[in-house]
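Peer 1: Take this structure, written in structure tokens, and hold onto it; I'll ask about it next.
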């Protein structure tokens with residue numbers, strides 16, 4: 001792995017972690033706004049790392065982000081880290097595989113796959129284990145249509161950044 005790849009991935013990881021910290025730095029931002037803002041920025045970092053430095057680098061950020069979300073209290077239980085990491089892993093792979101395909105196809109498929117894996121993973125988990133309805137409803141909501149929005153916006157943001165930063 002080259003120094004450029006390590007440095008670039010590190011910088012994108014820093015952006016993702018800073019974005020995740022926005023909810024702590026600015027606690028007055030409504031949860032709905034922070035969810036879409038933070039989700040879109042972190043999704044963009046997964047995609048940018050994947051496109052610029054390779055899918056393994058995208059996975060580094062995609063796996064660290066859920067751990068940080070758990071440490072910040074956004075993923076209340078440790079098993080949620082794994083479910084979320086599976087969703088972001090699927091997102092990274094789709095972004096990698098469809099990178100050179102039509103952009104609309106990339107956006108739609110990546111968003112559907114990420115939301116599908118997350119919603120399916122949480123649904124399966126909650127069918128196997130009993131949790132308070134508030135946790136179940138919150139996690140199922142967050143892993144449903146908001147993921148379609150943040151995943152799509154993440155790719156659109158990554159496309160715009162890539163276009164602006166081409167050599």
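The values are calculated or read from the model by the stated rules, or taken from the named source; none is laboratory data. Worth saying up front: this structure is predicted, and the values here are computed from it rather than measured. Ideal geometry is used to build each Cβ from the backbone, glycine not excepted, and the neighbour counts take in all protein chains shown.
Peer 1: Tell me which residues, restricted to the range 5-33, are over 19 Å from the mean Cα position of the chain (by Cα) and not in a loop (DSSP other than H, G, I, E, B).
Peer 2: Once the filter is applied, which keeps residues that are over 19 Å from the mean Cα position of the chain (by Cα) and not in a loop (DSSP other than H, G, I, E, B), the range 5-33 yields 5, 6, 7, 25.
Peer 1: Listed residues 75, 106, 48, 118; which is more than 12 Å from the chain's Cα centre (by Cα) and either closer than 23 Å to residue 22 by Cβ or surrounded by fewer than 19 Cβ atoms within 10 Å (Cβ to Cβ) (or both)?
Peer 2: After ruling out the rest, the residue left standing is 75.
Peer 1: If you scan the range 117-159, which residues turn out to be within 21 Å of residue 97 (Cβ to Cβ) and without any contact (Cβ under 8 Å) to a residue 12 or more places away in the chain?
Peer 2: 120 - this is the single residue of the range 117-159 that is within 21 Å of residue 97 (Cβ to Cβ) and without any contact (Cβ under 8 Å) to a residue 12 or more places away in the chain.
Peer 1: For residue 83, indicate whether it is surrounded by 18 or more Cβ atoms within 10 Å (Cβ to Cβ) and in contact (Cβ under 8 Å) with a residue 12 or more places away in the chain. Spell out how you get there, then give the answer.
Peer 2: Details: surrounded by 18 or more Cβ atoms within 10 Å (Cβ to Cβ): yes; in contact (Cβ under 8 Å) with a residue 12 or more places away in the chain: yes.
Yes, satisfied.
Peer 1: Please state which of the following conditions residue 138 fails to meet, knowing it meets all the rest: (1) at pLDDT 95 or above; (2) surrounded by fewer than 19 Cβ atoms within 10 Å (Cβ to Cβ).
Peer 2: All conditions are met except number (1).
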